[in-house]
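Step one of this worksheet: look at the structure below.
All of the numbers you see were taken from the coordinates with simple rules; none came from a lab. Just so it is clear, the model here is predicted, and its values are computed rather than measured. Positions of Cβ are backbone-derived with ideal geometry, glycine not excepted, and every protein chain shown enters the neighbour counts.
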Amino acid sequence: MIMELKKLQLGEICNISGGFGFPHSHQGRKNEKYPFYKVGDMNTGGNETYMITHNHSVSEGDIKALKAKIFPAGTIIFPKIGAAIATNKKRILSTPSTVDNNVMVLIPNEEMVTTKYLFYFLQDFDLKDWSNKSALPSIRKSDVEKTEIRLPFTDGKPDLAEQKRITDKLDKVFMEIEKSIDKIRQNRKYAGKTTYSELLTTFSDENLKTYSLEEVCDTTSGGTPSRSNSAYYDGDISWLKSGELNDNRSISSSEEHISEDAIKKSNAKVFPSGTVLLAMYGATVGKLGILSASASTNQAVCAITPHKNILNEYMFWYLFFYRDELVKKAFGGAQPNISQTLIRKLPVKIPLKDKQPDLAKQKEIVAKVSSIQEKQEMLTDLFSRQEKLFTSLRSSVLSQSFQMQT
C-alpha cells in the first residue's frame, strides 16, 4: 500500500453554499420537522460542537414556500457575514436542518473526507482570513472553495480510515485537555473563595460589637463638573468614576482629571489619601477602592472616611464581606442603586478593648486577610495562566496535526 498526502481545494471535496432568507413570520415555532438555525443559535448552550438545540423549526411546506433546502446531518456551518465572523465559530449539524442566509454551509463529500476531519481542519482556521475588510465583513464562497487542505490517500484513493484514526486521536487528546481545563477552573473557583471564608469566620465572632456605619465613619459623595466647559477637564486633580473601582486597595491615578475651578463650581470634592470608596450604582455597583493619593470622584461614588479609631483597611474588608448583602438591599431592579442612607445604616462589626474600638485587633485582622488575599490572587493568576497554556496547547495540537496545510 502506498500512502501519501494529497493537496486538494475545499471546493473539490465539499458542496459549499449559503443559507436562505428566514422571514419573521416563520420564526419561533419549535415543533416542526426541521430545525432552522440562525447564527445566534451557535451560542446556545449544548451547541458548542454539534447543533442540538434549536429555537426555530419549519415544515416541508415552509421549505417549499421559502425555496430553502435541507442540509444533511454532518454538514458544517459557520457565520459568513458581519461581526459574528470574528467569533470564529464552526458547528456540525446533528440532524437534517436548514440555516438562514447569514450562514455558510460545507457539505462534505463522504467519499472524500469525513465530517470530523474537515471540522478539525477548520478549527485551526481563522474565519477572518476568509473575510473581506469592508465595514460589513463577509465571506465569499469562491474564497472558501479555493482554500487548500491535504488529505491522506492510500493507493490513489482517499483514506477515510486514516482520517478517522487521526480524528479519534484528536478526540482523546482534546478530551484530556478539557478535563484539565475543567479541573483548573474548579481550583480557581475554590481559590477565589478563600478570602471570603476567612472574612466569614472573622465577622461571625459574637464578641464583636455592632455599630451603624454612620457611628464609626463619615460619608459623602462626589460630583460631575459640567461637560460643556472643557476647561474643567484640563486640570491636575484626579477624578474617578465608579467604573474605575475594582476592589483596588491603592488608587493613585484616574482616567480623567479636573481643575481647581471645576471643584469650586460643582459638587465635586477632593478626598484625602486613605478614603474608602464604594460604587453606589452602575456596572460596578458595590465595588470598592482605597485612595493612596488625594482625588475627587463623580456622584456615583460614596466616599467613606473612618473615624480615628477605625482602620480604613478594616472598613474596606468589612464592606467587601458585606457587599452581596448590601447590593441585595439596593433598589432599582436591573440597575441597583445603593443610597447614602442605606450605606449609613449599614451594620458594622468592630472588635473592642476596654469598650473602645481595638486598633491592634483590627490591624491583626487586616494583616491576616490581606495575606490570604495576596495568596488567593497568586493562585488565581497561576490557574488563569495554566488555562491559557492548555488552551494554546489545543491550538498547537491542531496546528501540528494539519501543519501540512501551510
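Below are the figures for this structure:
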{"quantity": "Calculated from backbone phi, Karplus (6.51, -1.76, 1.60) coupling profile of segment 238-251 in Hz, x at Gly/Pro", "calculated": "4, 10, 8, 9, 4, x, 8, 7, 8, 6, 8, 8, 8, 9"}
{"quantity": "Mean residue ellipticity (222 nm) of the chain, computed from DSSP H runs ≥ 4 via -39,500 (n - 2.57), nearest 500", "calculated": "-11000 deg cm²/dmol"}
{"quantity": "Calculated SAXS-style log₁₀ I(q)/I(0) at q = 0.17, 0.18, 0.19, 0.20 Å⁻¹ - segment 128-184, Debye, Cα scatterers", "calculated": "-0.83, -0.83, -0.83, -0.83"}
{"quantity": "Long-range amide H partners of K6 with built H, under 5 Å", "calculated": "L151, F153"}
{"quantity": "Tail beyond 40 Å, pair distance distribution of the chain (Cα, percent)", "calculated": "45"}
{"quantity": "Overall Cα dimensions of segment 1-87 - principal axes, largest extent first, Å", "calculated": "54, 29, 25"}
{"quantity": "Assigned charges on the beta-carbon of Lys, Arg, Asp, Glu; segment 52-196 dipole about Cα centre (debye)", "calculated": "660"}
{"quantity": "Compactness of segment 222-335, expressed as Rg and Dmax over alpha-carbon positions, Å", "calculated": "14.2, 42"}
{"quantity": "Over 27 Å [Cα-Cα, segment 13-153], rounded percent", "calculated": "18"}
{"quantity": "Span-like helix ranges in the chain, DSSP H, alpha carbon extent 27 angstrom or more, Kyte mean at least -1.0", "calculated": "359-401"}
{"quantity": "Segment 118-217: Lys pairs at Cα distance under 30 angstrom, eight or more positions apart or on different chains", "calculated": "26"}
{"quantity": "Amide H partners (placed H, <5 Å) of F271, local residues excluded", "calculated": "A295, S296"}
{"quantity": "Computed P(r) (all Cα pairs; segment 258-308; 10 Å bins; percent)", "calculated": "25, 50, 24, 0"}
{"quantity": "Local electrostatic count at F22 - Lys and Arg +1, Asp and Glu -1, tallied over other residues with Cβ under 15 Å", "calculated": "+3"}
{"quantity": "Principal axis dimensions, segment 191-243 - Cα atoms, whole angstrom, descending", "calculated": "53, 34, 17"}
{"quantity": "DSSP-defined beta bridges in segment 6-137 - what % are antiparallel, rounded to 5", "calculated": "75"}
{"quantity": "Solution diffusion estimate, µm²/s, Stokes-Einstein, segment 107-157, Kirkwood Rh from C-alpha pairs, 37 °C, viscosity 0.692 mPa s", "calculated": "256"}
{"quantity": "Percent of Cα pairs exceeding the 12 Å cut-off, where the set is segment 79-132", "calculated": "69"}
{"quantity": "Choice from A293, A135, A360 with maximal GNM fluctuation in the chain (Cα, 10 Å cutoff)", "calculated": "A135"}
{"quantity": "Sequence-separation-based contact order of the chain, relative, with Cα cut under 8 Å and 6+ spacing, percent", "calculated": "15"}
{"quantity": "Debye log10 I(q)/I(0) for segment 323-401, one point scatterer per Cα, at q = 0.17 Å⁻¹", "calculated": "-0.92"}
{"quantity": "Ordering of 147-153, 390-396, 98-104 by burial proxy (mean other Cβ atoms within 10 Å per residue, highest first)", "calculated": "98-104, 147-153, 390-396"}
{"quantity": "Order by protection proxy (mean Cβ within 10 Å, highest first), peptides 136-145, 49-58, 204-213, 313-322", "calculated": "313-322, 49-58, 136-145, 204-213"}
{"quantity": "Signed unit charges on C-beta, dipole axis of segment 333-406, positive-most listed residue I372, S401, N337", "calculated": "N337"}
{"quantity": "Computed Kirkwood radius, in angstrom, where 1/r is averaged over Cα pairs of segment 273-351", "calculated": "12.9"}
{"quantity": "Whole-angstrom gap from segment 22-63 to segment 113-132, using each part's C-alpha centre", "calculated": "23"}
{"quantity": "Rg(Cα)/(2.2 N^0.38 Å) for segment 265-396, N = residue count", "calculated": "1.30"}
{"quantity": "Share, in percent, of DSSP beta bridges within the chain that are antiparallel, nearest 5", "calculated": "85"}
{"quantity": "Highest to lowest packing among 274-286, 20-32, scored as the average C-beta count within 10 Å", "calculated": "274-286, 20-32"}
{"quantity": "Projected area, mean over directions - segment 160-289, Cα convex hull, nm²", "calculated": "15.2"}
{"quantity": "Non-local Lys pairs in segment 322-381, i.e. 8 or more apart or on different chains, that have alpha carbons under 18 Å apart", "calculated": "8"}
